[in-house]
Structure formats: C-alpha cells, structure tokens
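One structure is given here, and the rest of the page talks about it.
The values are calculated or read from the model by the stated rules, or taken from the named source; none is laboratory data. Values in this document were obtained by computation on a predicted structure and should not be read as measured data. Backbone-built Cβ (ideal geometry, glycine too); neighbour counts: all protein chains shown. Ligands, DNA and RNA are stripped out before the accessible areas are found, and what is left, the full protein with its side chains, is counted by its heavy atoms. Shrake-Rupley method; radii C 1.70, N 1.55, O 1.52, S 1.80 Å.
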Amino acid sequence: MVPDKSVDDIDAEIKLFKTALEGVRADMRNLSTKLATQLRPEERALFDVYQMMLDDASLGNEVKTVIKTGQWAQGALRQVVSDHVNRFELMDDAYLRERASDVRDLGRRLLAYLQEDRSTNLVYPDNTILISEELTATMLGEVPEGKLVGLVSVLGSGNSHVAILARAMGIPTVMGLVDLPYSKVDGIDMIVDGHRGEVFTNPSEVLRKQYAEVVEEEKQLALGLDSLRELPCVTTDGHRVPLLVNTGLLADVARAQQRGAEGVGLYRTEVPFMINQRFPSEKEQLAIYREQLQAFHPLPVTMRSLDIGGDKSLSYFPIKEDNPFLGWRGIRVTLDHPEIFLVQTRAMLKASEGLNNLRILLPMISGTHELEEALHLIHRAWGEVRDEGADVPMPPIGVMIEIPAAVYQAKELARQVDFLSVGSNDLTQYLLAVDRNNPRVADLYDYLHPAVLQALQHVVRDAHAEGKPVSICGEMAGDPAAAVLLMAMGFDSLSMNATNLPKVKWMLRQVELSMAKDLLAELMTIDNPQVIHSSLQLALKNLGLTRMINPASAKTL
C-alpha cells in the first residue's frame, strides 16, 4: 500500500510523474508494435485506449492536480487510480467492471517507473505460463514471441480485453480461477487444460503421462487430419456435407483456411464493435468486412448483424437489465436503433462489391414482424448504396433460429428468406431454461436433450418443406459425435470453430448416412439425455470411431 506523504518541491514531483508517463507511453507503443504480427490494427486498438487514459486530459491530469495539493507523486497516483477503480467496480455492466483492471494495470506501470522498478528485468523461460491475480492485455506483449504458451488469471472473465486477445492469438487461457494460490506457483511445473478450464499444479507422474499421451495423440491426430484438408466431407455412401467455420477475429481466417473450411457459416460482426471504444464508422466497418470477404472469396461468408446484449456488452453502449438474456439483445437492439442497422448493412453491401459472396444473417428473430421490419431496412440500405453507384446484387438473407418461438414459426420464416441457420448454443439455453454460464445449473445444459433434438428435427423438416436450406452453428456442430446426428437430421451444412473442423470431417468420412439415420431413429426413442450420450458413444465405439468421441484437447505447459 502506497502511503500519503507531503512534499515541498511540487515541481520536482510533477517532473518525476511526467517522466513516468513518458516511460509508460513508450512501453505501450513498443508493445503495440511487438504484437503487430499477431494481431490486426483493430485488435491492437486497446493500446491506443491506454494512451488516451494516460493523456493530460485524463489520468495524467488528475494525478498532477493531486500533486499540486502537496501530495507526493506515488500517493497522488494511488488516490486517482483507487477512485477510478472503485467507480468501475461498482458498475452493474460486466464489461465496464472489467475496465477496472485496465486502470489498475496502468497504475502499477506508472508506480514501477516512479519507484524505478522495471518489470522488463524479468526473465521469461521457454513454455512460460503467465499467472496473475489479474492478467492484463499488455502482459501478453511483454513475453518474448514464441515463449508464451498459457495464461491463468484468478480474476477476470471472457469479457476482458486479455481474453479477447488471447483467443485471437490462440493461447490456452483459464480465467476466473479463484482458488489458485497464484503467489506461490512461480517456477513450479503445471498442466493447463485450456478447453476444460482446469489447471494442475505439481502434477503427479501418472497425470503427466496421461496428458503427455493426450498431447502426443493430438499431435498425431493433427498430422493425420492435415491430409484431409483438400478432401471433401463425404460419407462412405456418397453424401456430401459442407463444413464451414465461425469467425470473428483476423486470426480465425488463417486457422480456417489451414483446416480446409468451405466458407464462413457465422461471422460475428460484434467482435470489431467490442474491441472498439465507439461505434465504428461505415468506412471502418467496410474495411473490416471487405477483408473477411476477400480472404474467403469465392467461398460464401455469412455475416450476422450486430448481436449485442446478454453476455456481450459494449462499453460505449451499456445495457443494464435484470435479466439480459431475456431482454434487449440481438435484432431487438438494432431494430430499435435502425441507424446502427442501416450503417452496418450499407458497409456489408459495399464491402461485397465485385466479390458477391456475402450472406446476411439476422439474430434473435422471434417472429415474422421482426423479420419483415429487418428486411425492409436491408432493402432500403441496398437501394441507397445502388443509388450511390455501388453495383451489388441483393445478397441471400437468412434467419437465425435460436428462440423457441422461431422453432414453431420456422416454416413461416423460411418462406420470407433464403436460408435458416440454427444457433444451437442459445436454442439449447432457451429450451432448457438454463444459463450456460451459471456453474450451478451448467450440468443441465445439454444439446443432446430429447427436447433439443426434437426441436432441431422440426426446424429441418419445416425449412425443407419450403425448399430452403438450413445450417447449424455452435458447439454442437463442432462435436464429432453430435455431427453424425445433425447430418442424419438433414442439416445442409455445419459451421464450427476451425479447431474442430478436421475432427468432424474425419468422423463424417468414416460413416454411412444410412447408418447415421438408423442411429438417430434409435436415439429419438430415448427420453434421458445421459442415456442418449452413452448410447451414441457406444454405437460409435462399436464402429471403431472412439478417437473422435469427445476428443480431449490439452497442452502440457
């Protein structure tokens, strides 16, 4: 704790603080440059935010004001940082609460300069796991490239900047590990299971061996799956299933192309909004969307209109609600703010000029009235950009089926659009009334629940009755075992994260569509999700397909 201390030479304290400010500003510039090869400019915008916070009109000026009252620089810094942190931590919005960590991080860096204690003296060994009570985005850039293999934070959540950047860089990360004695783990051996969110300190020889086998199996599996990259996803009896990817960051593009994706089934347009400090302009959005469309051309890119609310917040557009998942989110927000929707749609359309591989997807549609309103706005935007000289055809428009009401209006919705796309994560959550982020009820969240399987079949049947294709995106599509059932239901394409795509392709290339349909029919007679799981695994095991059933994914660090 930095104590209060009175000083007589105020000018000397201000000069000392200005030197610290310049030091931290230089650090921010260097870190941003260092990460330039790993992150796109929009993803590195966080460092510009830090620079603004250090500006004379922000934290810097406030600290100087306190120094002028006779407080020494360290004490003035502590006072200003504490005030800001306290204000952020009292906010209801989860994203804004996370900004307290940014202020604390800057405070620590300034204090280090004031005390002439440079963190750059730290030595980072190979296979470094960065562990902290509160990880910050700038910490990622301080580890030499190629040495950082894992991140563990006691505090924080998926909304934090460090979580967003870690995902973009492909670094296994566990956030919110509240019971970890982080101050006592320096230098010890550790295993981090990034997919399961588990950390093992001082692992036993048995555990080391188990994870070493998993890692080796993953490596061998990856080598084998690489050979599938250029091969189509076709069952042994000739049924073709296109496999697409979900993207949101520039880093996703390279991974998708390396794994043989046949297009983008879901581009999350909210990600560029989340890593910005204001609504991006039409020109800025156009550049981002053009990059995605060009990267995959001529393959299709399905761009979901802005889907904020629930667990996705914007710092500059706070939404405060008692029950955000049942509140103002997705299409509800953008229809209430048509100016946001129109600017985004215009940017998408202009970005597609000359490429014509754009598809637009509307999230959280609960009925035909919302769809009709959205379609009206899309046609208005299309007319505007054509009047301005842009030669773009009307792209295919689709509806995301993720609300139970949409399941039972799938036929009516399909009549008015070009395709349907099921969002399995939210649909499962809403059908089972289970918040998938709540650990108390997480075990009830199960996309193999009979009600979920019945709803999915209902959507496919109604879409096809209207002659419209239907895809599915979410965790379920990326589960190789569940993908067998989705194929059997008749889904026209599956969209998943790039990591799982080769595994799903391998699985579907080993089975017959007729066998998958028989297996689905058998499982649909079962009323217990646990029995469905075990029966599915047993059936695939009997076919010799155990390698891809719930494939483990871990990294020994």
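Observations
- Filter result for ALA405 (in contact with a helix residue (DSSP H, G or I) (Cβ under 6 Å, 6 or more places away or on another chain), open to solvent by 10 Å² or more (accessible area, probe 1.4 Å) and more than 22 Å from TYR267 (Cα to Cα)): no
- Checked against (1) over 26 Å from GLY248 (Cβ atoms); (2) surrounded by 15 or more Cβ atoms within 10 Å (Cβ to Cβ), ALA451 meets all criteria but (2).
- Residues considered: GLU270, GLU291, GLU284. Of these, the only one that is under 15 Å from the mean Cα position of the chain (by Cα), among the acidic types (Asp, Glu) and more than 28 Å from VAL511 (Cβ to Cβ) is GLU270.
Residues checked against (1) of a type outside the set (Ser, Thr, Tyr); (2) out of contact with any Lys or Arg (no Cβ under 6 Å at 6 or more places or on another chain); (3) modelled with pLDDT of 80 or more; (4) closer than 23 Å to SER32 by Cα:
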{"position": "ASP56", "(1), (2), (3), (4)": "yes, yes, no, yes"}
{"position": "GLU62", "(1), (2), (3), (4)": "yes, yes, yes, no"}
{"position": "ALA73", "(1), (2), (3), (4)": "yes, yes, yes, no"}
{"position": "ARG78", "(1), (2), (3), (4)": "yes, yes, yes, no"}
{"position": "ASP92", "(1), (2), (3), (4)": "yes, no, no, no"}
{"position": "ARG99", "(1), (2), (3), (4)": "yes, yes, no, yes"}
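- Pair list, Cβ under 7 Å, 6 or more apart: segment 252-274 residue surrounded by fewer than 23 Cβ atoms within 10 Å (Cβ to Cβ), other residue aromatic (Phe, Trp, Tyr) and modelled with pLDDT of 90 or more: GLY263/PHE296
- Selected residue [of a type outside the set (A, V, I, L, M, F, W, C) and in contact with a strand residue (DSSP E or B) (Cβ under 7 Å, 6 or more places away or on another chain)] from ASP446, ASP418: ASP418
- Here LEU486 clears all of (1) part of a helix (DSSP H, G or I); (2) at pLDDT 95 or above; (3) over 23 Å from THR247 (Cβ atoms) except the condition numbered (3).
- Residues located in segment 1-29, provided they are open to solvent by 100 Å² or more (accessible area, probe 1.4 Å) and either part of a helix (DSSP H, G or I) or among the basic types (Lys, Arg) (or both): LYS5, ASP11, LYS15, LYS18, ARG29
- When each of ALA410, ALA390 is tested for being within 20 Å of ALA465 (Cβ to Cβ), out of contact with any Pro (no Cβ under 9 Å at 6 or more places or on another chain) and either open to solvent by 20 Å² or more (accessible area, probe 1.4 Å) or among the hydrophobic types (A, V, I, L, M, F, W, C) (or both), the lone residue that passes is ALA410.
- In segment 382-406, the residues that are without any contact (Cβ under 8 Å) to a residue 24 or more places away in the chain form Cβ pairs under 6 Å with partners that are part of a helix (DSSP H, G or I) and surrounded by 18 or more Cβ atoms within 10 Å (Cβ to Cβ), at six or more places apart or across chains, as follows: MET394/TRP382.
- Residue count for segment 461-481, restricted to those that are assigned to a helix (DSSP H, G or I) and surrounded by 23 or more Cβ atoms within 10 Å (Cβ to Cβ): 2
- Matching residues in segment 310-359 - criterion: being touching a strand residue (DSSP E or B) at 6+ places or on another chain (Cβ under 8 Å) and at pLDDT 95 or above: THR345, MET348, LEU349, ALA351, SER352, ASN357, LEU358, ARG359
- Test: residue in segment 208-221 that is within 30 Å of ASP48 (Cβ to Cβ), small (Gly, Ala, Ser), open to solvent by 10 Å² or more (accessible area, probe 1.4 Å) and in a helix (DSSP H, G or I): no
- Of all residues making up segment 339-354, the number that are aliphatic (A, V, I, L, M) and open to solvent by 30 Å² or more (accessible area, probe 1.4 Å): 1
- Residues of segment 396-434 that turn out to be more than 13 Å from ALA451 (Cα to Cα), part of a helix (DSSP H, G or I) and at pLDDT below 95, as a count: 2
- Just one of the numbered conditions (1) open to solvent by less than 40 Å² (accessible area, probe 1.4 Å); (2) modelled with pLDDT of 95 or more is not true of ASP518: (1).
- Flag for VAL185 being open to solvent by less than 40 Å² (accessible area, probe 1.4 Å), among the aliphatic types (A, V, I, L, M) and under 29 Å from the mean Cα position of the chain (by Cα): yes
- Of all residues in segment 101-117 being small (Gly, Ala, Ser) and closer than 21 Å to GLU89 by Cα, the one that is modelled with the highest pLDDT: GLY107
- The single residue among ALA212, ALA168, ALA222 that is of a type outside the set (Val, Ile, Thr), more than 15 Å from ASN500 (Cα to Cα) and modelled with pLDDT under 75 turns out to be ALA168.
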